[in-house]
Each structure stands twice: as structure tokens, then as C-alpha cells.
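Quick notes on the structure that follows.
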Amino acid sequence: MVTDRRARRVLACAAALYLLGVARMTLWPDFASPDQLDALRSLVAWLTERGVGVTYDGAEAASNVVMFVPFGVLGGLLVSRRHRWAVLAVGCAVSAAIETSQLLFLPTRVATVQDVVMNTLGAAIGLLVLAVVVSMRETHPDPARVQ
């Protein structure tokens with residue numbers, strides 16, 4: 001957990017901006033224009049023709065993972081180590097709320113359990129990355145910071 005007041009404010013602002021971005025991507029009726037989706041499908045087809053095993057569904061699943069990695073990192077920095085597990089639970093709950101909102105209020109969006117699982121996996125990866133970085137910093141402290 002970051003204890004410096006100024007750093008915590010910066011992290012809280014970063015988290016708020018990140019969550020606004022997630023809301024924009026997930027809670028608007030149409031995230032991308034048909035032309036953008038066609039371009040993505042063309043890119044996937046082009047990669048597939050060249051032997052890269054990419055599918056549209058796979059790219060979408062991967063994007064759901066990547067979208068929630070910052071959730072795990074930022075959330076993990078804002079809570080104590082003892083409560084980092086809660087970041088994973090909150091990430092899952094936020095994702096479930098997004099998918100429920102899409103199901104109930106956004107008929108142009110497709111709500112899936114897979115998205116909740118992939119988002120939660122992303123938050124878990126973010127927490128894992130944070131744990132590795134913190135562990136490395138504790139094992140090999142920066143000589144310039146040691147007094």
C-alpha cells in the first residue's frame with residue numbers, strides 16, 4: 001500500500017480516470033463503429049492467412065483480460081497487502097455489474113459470463129504483477145534510496 005499522501009492522491013486520480021475509461025468502453029451503446037469492427041475482422045483474417053492463430057473471439061477475450069490488469073495494479077496499490085484479495089473480489093463484482101448493466105439496459109451490447117471471468121483474470125494478473133514487482137524491490141532495493 002502506498003502511504004505517501006501525495007502519491008495516494010495521484011493513484012486515486014489515476015484509478016478514477018481508469019474507471020471512467022472502462023465505463024466509456026463498456027457502458028456506451030456502441031463502443032466501436034462498424035468500420036472499426038470491420039477493420040479488426042480484416043486484421044484477424046490477415047493474421048490468420050499468415051499462420052497466426054488469432055480469432056475475433058480470442059482477440060475479444062484477450063482484450064477483456066488486458067482491460068482489467070490496471071484494476072489489479074491500481075487497486076493493489078491502494079489497499080494494504082492483507083486486503084489485496086478484496087481487489088480481486090471487487091474486480092469481479094465491477095465486471096458483473098457491467099455485464100448486468102449491458103444485459104438490462106444496452107440491447108446493442110452482448111453480456112457474457114466469459115467477460116466476467118476474463119476481466120477477473122485480468123485483475124488477478126495485475127495483482128500478480130504488482131506482487132512480483134514489490135517482491136523484487138524488497139529483495140533488491142534501489143541503492144540510491146537506501147540510507
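So here's what we get for this one:
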| item | result |
| --- | --- |
| Linear extension gain, PHE105 paired with HIS83, 0.36 nm per residue minus alpha-carbon span | 4.6 nm |
| Karplus-derived HN-Hα couplings along segment 3-8 (A = 6.51, B = -1.76, C = 1.60, θ = phi - 60°), whole Hz, x at Gly and Pro | 9, 5, 4, 5, 5, 5 |
| Whole-number D in µm²/s for segment 5-139 (Stokes-Einstein; Kirkwood sum over Cα pairs; 4 °C, 1.567 mPa s) | 79 µm²/s |
| Length released on extending from VAL10 to LEU40, taking residue separation times 0.36 nm less the Cα-Cα span | 7.4 nm |
| Full-extension gain in nm, VAL2 to LEU19, via 0.36 nm per residue minus C-alpha separation | 4.2 nm |
| For segment 71-121 and segment 1-45, distance of Cα centres in Å | 13 Å |
| Neighbour-limited loop hits for trypsin sites (Lys or Arg not before Pro), segment 44-111 (at most 13 other Cβ within 10 Å; DSSP other than H, G, I, E, B) | ARG50 |
| Efficiency of FRET between ARG50 and GLN114 - r from beta-carbon atoms, R0 41 angstrom, step 0.05 | 0.95 |
| Förster-model FRET efficiency, 30 Å R0, ALA97 and VAL66, C-beta, rounded to 0.05 | 0.95 |
| Taking ASP115, ASP30 and counting other C-beta atoms within 10 Å, the order from fewest to most | ASP30, ASP115 |
| Sparse-neighbour loop sites [chymotrypsin sites (Phe, Trp or Tyr not before Pro); segment 18-59; at most 15 other C-beta within 10 Å; DSSP] | PHE31 |
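Quick note: the coordinates plus some simple rules give every number you see, no bench work behind them. Only a predicted model underlies this, so the values are computations on that prediction, with no experimental measurement involved. Cβ: placed from backbone, ideal geometry, glycine included. Neighbour counts: every protein chain shown.
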